[in-house]
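Colleague: Below you'll find the structure I mean.
The values are calculated or read from the model by the stated rules, or taken from the named source; none is laboratory data. All of these numbers come straight from a predicted model, not from anything done at the bench. Cβ sites come from the backbone with ideal geometry, for glycine too, and all protein chains shown count toward neighbours. Keep in mind that these areas ignore ligands, DNA and RNA; they rest on the heavy atoms of the full protein, side chains included. Shrake-Rupley method; radii C 1.70, N 1.55, O 1.52, S 1.80 Å.
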Amino acid sequence: MAEQLQPGVGVLFNPALIEFVQAHAGALDHLAVIPDRCWSDAGPGSASRFEELPAAVAVVERAMGQRVLAMHSIGMSLCSADVFDLPYVDQLAAWRRRFGCSWVSEHLSFTRVGSGHEVNASVALPVPYDDEVLELLVPRVEEVQSLLGCPFLLENNVYYVDFPEQDMGEAEFLNRLMQRTGCGLLLDLHNVHTNAVNHGFDPHGFLRSLDLAKVVEIHVAGGQRTMGFHTDSHTGPVAEEVWALLEAVVPHTSALRGVTFEFHESSWPMLHDTGVLEQLDRARAVLRRHAAQALQTA
Ligand SMILES: [Fe+2]
């Protein structure tokens, strides 16, 4: 496996990127892959639950050994009170070993409810930042880390409504969860920007209250205004406000391994190769500038 020592840049793979990944191998230090888009899942209890999709698996196989691979899971539903899907985690762990993934990430959210007759919202729903949720998550995160055998990161979520009377704020919740479990943070700066716009807080102040030394990966993305909200739609290039947040946090992220550009495949006609390469070049320029400044002050 190709391990990078300095933080690099990469993309979250989507089907529009099949040719890009082969044509611009040198532009990518790492490739983040959503494993759930590489298999069909017949659901818990099914005899042959995970059926691999050959075309998607072939992309991961080709990337293996050429660059750092990371798995970005979307199906664990870690925060479901009545679902803790250990066979799903076992499947992730098997893929982690098979493809030599350097880290695995999941959202701090839930998608599924009902352990008997499951309902899947297919969208990462936020949880209240309460002690009860924290106590639910700590042993789960510890077990997931143990099964995966590699760094496990949780991604800060986007939320469009506030839960009333939460026990703590998002930053305190994330810091306490990371401190108690040793898990890392996948810091999605567009999610921070989205929440800041919709809820009227200072994103830089929020980031200063986070334990940035636990950040292993950063997501950068774009979004759009819809029905009075800024949405986490992953539309087009990275938002300018997100570039400013990246500049602010990189000097404080001593464990950072990669900055990942994520976009929805429907934005490919807007971006094309040149648009994606521009985002990667700009992210790399931020990393290089701060690495050079760190050397000067060392
Ligand atoms: Fe993200």
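Colleague: Counting only heavy atoms of the protein chains, get the accessible area per residue of segment 115-237 (1.4 Å probe) and round it to a whole Å² value. Could the numbers behind the result be given before it?
Modeller: Numbers: 5370 Å² over 123 residues.
Averaged over the residues of segment 115-237, the accessible area is 44 Å².
Colleague: So for each of 227-236, 53-62, 154-163 I average, over its residues, the number of other beta carbons within 10 Å; can you give me the resulting order with the highest mean first? Write down the numbers at each step before the final one.
Modeller: Numbers: 227-236: 15.7, 53-62: 14.2, 154-163: 17.5.
Per-residue Cβ counts within 10 Å, averaged per peptide and sorted highest first, yield 154-163, 227-236, 53-62.
Colleague: Right, another one. Full-extension gain between MET168 and SER254, please, as 0.36 nm times their residue separation minus the C-alpha to C-alpha distance.
Modeller: Details: separation 86, 0.36 × 86 = 30.96 nm, distance 2.60 nm.
The span from MET168 to SER254 would gain 28.4 nm if fully extended.
Colleague: Where does each of LEU147, LEU177 land when they are ordered by accessible area, with a 1.4 Å probe and the largest first? Before the final figure, lay out each step's value.
Modeller: Working: LEU147 60, LEU177 5 Å².
Most to least solvent-accessible, the answer reads LEU147, LEU177.
Colleague: Turning to a different aspect of this structure: Please work out the FRET efficiency for the pair ALA58 and ASP211, using the Cβ-Cβ distance as r and a Förster radius of 25 Å; give the result to the nearest 0.05. Numbers along the way, then the final one.
Modeller: On the way: r = 38 Å, r/R0 = 1.54.
Result of the calculation: an efficiency of 0.05.
Colleague: If I compute solvent accessible area with a 1.4 Å probe over the protein chains, what percent of it on the chain is carbon and sulfur? Walk me through the numbers before you get to the answer.
Modeller: Numbers: 7140 of 12980 Å².
Within the chain, the accessible surface is 55 percent carbon and sulfur.
Colleague: Is segment 204-298 best put as rounded, prolate or oblate by its Cα gyration tensor, with a ≥ b ≥ c the root eigenvalues, rounded for a/c under 1.5, and otherwise prolate when a/b is larger than b/c, oblate when not? Present the calculation step by step, with values, prior to reporting the outcome.
Modeller: On the way: a/c = 2.50, a/b = 1.50, b/c = 1.67.
The shape class here is oblate.
Colleague: Moving on. Viscosity 1.002 mPa s, temperature 20 °C: what is the translational diffusion coefficient of the chain from Stokes-Einstein with a Kirkwood Rh over Cα pairs, rounded to a whole number of µm²/s? Please list the in-between numbers first.
Modeller: Numbers: Rh = 19.6 Å.
Estimated via Stokes-Einstein, D reaches 109 µm²/s.
Colleague: When the Cα centres of segment 101-123 and segment 201-225 are compared, how far apart do they sit, in Å?
Modeller: Measuring centre to centre over Cα atoms gives 22 Å.
Colleague: Provide, in order from the shortest bin, the percent of all Cα-Cα pairs of segment 121-197 in each 5 Å bin, continuing until the bin that contains the maximum pair distance.
Modeller: Going out from 0 Å in 5 Å bins, segment 121-197 shows 3, 14, 24, 26, 20, 10, 3, 0 percent.
Colleague: Within segment 159-213, report the GluC sites (Glu not before Pro) that DSSP leaves as loop and that have at most 12 other Cβ atoms within 10 Å. Before the final figure, lay out each step's value.
Modeller: On the way: sites: GLU165, GLU170, GLU172; in loops: GLU165.
In loop regions of segment 159-213 (DSSP not H, G, I, E or B), the sparsely surrounded GluC sites (Glu not before Pro) are GLU165.
Colleague: Towards the positive end of the charge dipole of segment 8-297, with charges on Cβ (+1 Lys, Arg; -1 Asp, Glu), say which of PHE261, MET71, LEU295 has the farthest Cα.
Modeller: Value: LEU295.
Colleague: Could you order ILE218, ILE34 by accessible surface area, starting with the largest, using a probe radius of 1.4 Å? Please list the in-between numbers first.
Modeller: Numbers: ILE218 0, ILE34 20 Å².
Largest to smallest exposure gives the sequence ILE34, ILE218.
Colleague: How big is the accessible area of VAL123 in square angstrom, nearest 10, if you roll a 1.4 angstrom probe over the protein chains?
Modeller: Counting only protein heavy atoms, VAL123 exposes about 80 Å² to solvent.
Colleague: Tell me, what is the per residue accessible area of segment 252-298 in Å², probe radius 1.4 Å?
Modeller: Numbers: 2640 Å² over 47 residues.
For segment 252-298, the solvent-accessible area averages 56 Å² per residue.
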